[in-house]
Amino acid sequence: MTAIKPGTPTRRAAGHSGGATLWAGLVLIGLVVLAAVVSAFWTPFDPEGVFSDSILRPPGAEHLLGTDSFGRDVFSSILRGAQISLLVGTVAVGIAAVLGVPFGIVAGMNPGRLDQFMMRSNDISLAFPALLLAIIFGAIFGAGTVTAMVALGIGTAPAFALIARSGTMQIMSREYVQAARASGKSGLFIGMRHILPNISGMLIVQASVSFGIAVLAEAALSYLGLGTPPPTPSWGRMLQDAQGYLFIEPLLIVWPGIAIAIAVLGFNLLGDGLRDRFDPRMQVNR
Amino acid sequence: MVLVVLRRIGVFATTVVVASIVTFLLLSILPGNAARIALGVQASEADVAAQATLMGLDRPAIVRYLDWFGHVLIGDFGTSTVSRQPIGPEITDALGITVILVLTSVVLALLFAIPFGILTAVRQRKPDGAILSGISQIGVAVPGFLAGMLLVTVFAVTLRWLPAGGWVDPGEDVGGFLEHLILPAIALGSVQGAVLSRYVRSSVLEVMREDFIRTARAKGLGAGRALFRHGLRNAAVPVMTVLGLQIATLLVGAVVIERVFSIPGLGSLLLDKVALRDLPAVQGIVLVLVVFVLALNFLVDLAFTMIDPRLRSAT
């Protein structure tokens, strides 16, 4: 966020701004991770039962954020819901990276026909957005956590392919790569030894941004009833449940909403902060 | 110029055909026996075989694809396996509603993002610029369907100014149509607007450091005039690219928003058919959604060529 006038040394000022963004992101992600870990061992109340004697209580001393239409403690559900968001995000981003990165590196290392063909197919996969793919997979295989993770992973892969390809094309023109090719090193060796380590920075940025998008997509899927089935708490389904009680207890949509926003904002800020670190040219912009 | 446009049309048509093949593979081949899915697990082998013949599943996949896509080209999307009704009319009705919703929200997003993005760029060094930039950062992190629910809570539940959901055809009642359109369009547009405003901001910042702006300033133009005369046209190109890339996101966003506001658009239709596991209908709807994304991308691409003469000679 810090401004830099042309001519002033950029490194210190921008490093400072990147640092603040980076730390803000890490703190927010830390909160989500903490909620997921703590709720694995302890929550104030059982987030998966039905308690007919404590339905729709307002926030108070006993139930910090109140209770929902099943009498479940909202705070406990929020804590436990962090688990499914992090799980879906991690697996989806992992699948996307494993599929997309080798694809992008191969395309970037083979300019010409092969690259053009691969990028055209990548363009077509981009027309099937991750969330749409997840809905289609839900129709074919039945909705659930695994379906959602796999579909979001496949749907996010083209973004990784694009980033990996453009990074690879930059590295390919470097002298050390040309030296390696001249000395007869195989494509696999160059890809693993020279290209992957040098584009890892931009891939980590992409992973962070994609993680945020995956958390949003998981929430949307659960809201639509195509994500994790009940009784496992998820923030998206909490919103779906709460929508039926908008006229009675509108606060019920606020808590899961804040939880989603914290997680997504955390990964977006982390992505921005890392981008400032890795890409000196972008430092001035963001 | 004409040649470039013709070439783009050719690429677009090819992409549509390939996308239709992918859709067919996903929804006709991947799920396995469609006759079994239509009849359920309890059906006997003989019934399934009879149903398969009825549905034409005994023909080779390539023939089935050509049959399906050929009919789609003349507007025939086949018959639903659940309702036994033709799918085409349902899709056409729903598509009209979704197009109105998406286009309105794009306009709202641009109306918000362009001034807001320029403002945050120009005020970058001031505290208010940093605060505005922070607001847009939070806007990006709020899902559209949550924004929709919050708008319903404020304007429908608390203030009772606008309806909480539903749809009115503009042919019947224009006032009612606008009342039902405004909240979902804002919900869908607000998140896109936040995303776009960040790109407008970085694009304007980038352009402000260009030599031609410095030249314009040196000629004696004020900072504002230099930006408006020379900067914005150049800043528009990357923003248009992002807008093109965001269209797919916007469309799936519309799927969810339609659910929030019970709007009978393509998204609601898709989700209804998914719940019924009506795969022929899902296949038709998915194709329409994907072609919609491709078509809008194609139009953005063409618009580019108009804005930036440098791209006219490029492939």
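The values are calculated or read from the model by the stated rules, or taken from the named source; none is laboratory data. All of these numbers come straight from a predicted model, not from anything done at the bench. Here the Cβ positions follow ideal geometry from the backbone for every residue, glycine too, while neighbour counts run over all protein chains shown. SASA here: full protein model, heavy atoms, side chains in, ligands and nucleic acids out. Shrake-Rupley method; radii C 1.70, N 1.55, O 1.52, S 1.80 Å.
Quick look at the numbers
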item: Evaluation of A:Arg113 against (1) over 30 Å from A:Arg181 (Cβ atoms); (2) open to solvent by 30 Å² or more (accessible area, probe 1.4 Å) (one fails), failing number; result: (1)
item: Selection within the range B:163-186 - away from chain A (no Cβ under 13 Å) and of a type in the set (Gly, Ala, Ser); result: B:Gly166, B:Gly171, B:Gly175, B:Gly176, B:Ala185
item: B:Ile21, sole failed condition from (1) in a helix (DSSP H, G or I); (2) away from chain A (no Cβ under 14 Å); (3) loosely packed, with under 15 Cβ neighbours inside 10 Å; result: (2)
item: Selected residue [buried (at least 21 other Cβ atoms within 10 Å of the Cβ) and of a type outside the set (S, T, N, Q)] from A:Leu126, A:Leu133; result: A:Leu133
item: Subset tally (residues that are farther than 24 Å from B:Val286 by Cα, away from chain A (no Cβ under 14 Å) and not in a helix (DSSP H, G or I)) for the range B:27-57; result: 3
item: Residue in the range B:288-310 that is more than 10 Å from chain A (Cβ to nearest Cβ), more than 21 Å from B:Ala109 (Cβ to Cβ), modelled with pLDDT under 75 and open to solvent by 20 Å² or more (accessible area, probe 1.4 Å) present; result: yes
item: Search result, residues across the range A:227-263 that are open to solvent by less than 40 Å² (accessible area, probe 1.4 Å), within 19 Å of B:Leu151 (Cβ to Cβ), free of Cβ contacts under 8 Å to residues at least 40 places away in the same chain and assigned to a helix (DSSP H, G or I); result: A:Gly236, A:Leu239, A:Ile253, A:Gly257, A:Ala261
item: Residues located in the range B:132-155, provided they are more than 7 Å from every other protein chain (Cβ to nearest Cβ), in contact with a Leu (Cβ under 7 Å, 6 or more places away or on another chain) and hydrophobic (A, V, I, L, M, F, W, C); result: B:Leu132, B:Leu151, B:Phe155
item: Exclusive hit being part of a helix (DSSP H, G or I), more than 24 Å from B:Glu179 (Cα to Cα) and open to solvent by less than 60 Å² (accessible area, probe 1.4 Å), set B:Val106, B:Val140; result: B:Val140
item: Identity of the residue in the range B:72-101, hydrophobic (A, V, I, L, M, F, W, C) and loosely packed, with under 14 Cβ neighbours inside 10 Å, that ends up farthest from the chain's Cα centre (by Cα); result: B:Ile74
item: So B:Val106, is it out of contact with any Phe, Trp or Tyr (no Cβ under 7 Å at 6 or more places or on another chain) and within 10 Å of chain A (Cβ to nearest Cβ); result: no
item: Among residues of the range A:141-156, those that are hydrophobic (A, V, I, L, M, F, W, C) and open to solvent by less than 10 Å² (accessible area, probe 1.4 Å), counted; result: 3
item: Test for A:Gly271: is it assigned to a helix (DSSP H, G or I) and within 9 Å of chain B (Cβ to nearest Cβ); result: no
item: Hits in the range A:89-110 - residues which are surrounded by 22 or more Cβ atoms within 10 Å (Cβ to Cβ) and more than 22 Å from the chain's Cα centre (by Cα); result: A:Ala107, A:Gly108
item: Check on B:Val200, assigned by TED's automatic domain parsing to the domain that holds B:Val99, β-branched (Val, Ile, Thr) and surrounded by fewer than 19 Cβ atoms within 10 Å (Cβ to Cβ); result: no
item: Filter pass, A:Gly138 being facing another protein chain (nearest Cβ under 10 Å), touching a residue at least 60 places away in the same chain (Cβ under 8 Å), in a helix (DSSP H, G or I) and more than 30 Å from B:Leu159 (Cβ to Cβ); result: yes
item: Residue that is nearest to B:Gly284 (Cα to Cα), among those in the range B:65-103 that are of a type in the set (Asp, Glu) and in contact (Cβ under 8 Å) with a residue 40 or more places away in the chain; result: B:Glu90
item: Residue check, B:Ala248 of a type outside the set (D, E, K, R), farther than 30 Å from B:Val122 by Cβ and at the interface with chain A (Cβ under 8 Å from one of its Cβ atoms); result: yes
item: Close pairs (8 angstrom Cβ cut-off, 6 or more residues apart or separate chains): under 18 Å from B:Phe298 (Cβ atoms) in the range B:226-249, in a helix (DSSP H, G or I) and of a type in the set (D, E, K, R) anywhere; result: B:Gly244/B:Asp301
item: Failed item in (1) within 16 Å of B:Leu150 (Cα to Cα); (2) more than 14 Å from chain A (Cβ to nearest Cβ); (3) not polar (S, T, N, Q), with B:Val191 passing the rest; result: (2)
item: Test for B:Arg225: is it open to solvent by 60 Å² or more (accessible area, probe 1.4 Å), at pLDDT below 80 and within 14 Å of another protein chain (Cβ to nearest Cβ); result: no
item: Among the residues listed as B:Phe12, B:Phe69, the single one being open to solvent by less than 30 Å² (accessible area, probe 1.4 Å), outside the structural domain of B:Ala275 (by TED's automatic domain parsing) and over 21 Å from A:Gly138 (Cβ atoms); result: B:Phe69
item: Residue count for the range B:254-279, restricted to those that are part of a loop (DSSP other than H, G, I, E, B), open to solvent by less than 10 Å² (accessible area, probe 1.4 Å) and facing chain A (nearest Cβ under 10 Å); result: 1
item: A:Ile199 vs. criteria more than 14 Å from chain B (Cβ to nearest Cβ), among the β-branched types (Val, Ile, Thr), farther than 20 Å from A:Asp68 by Cβ and out of contact with any Gly (no Cβ under 7 Å at 6 or more places or on another chain); result: no
item: Verdict on B:Glu172 being in a loop (DSSP other than H, G, I, E, B) and either within 30 Å of A:Leu246 (Cα to Cα) or touching a Lys or Arg at 6+ places or on another chain (Cβ under 8 Å) (or both); result: yes
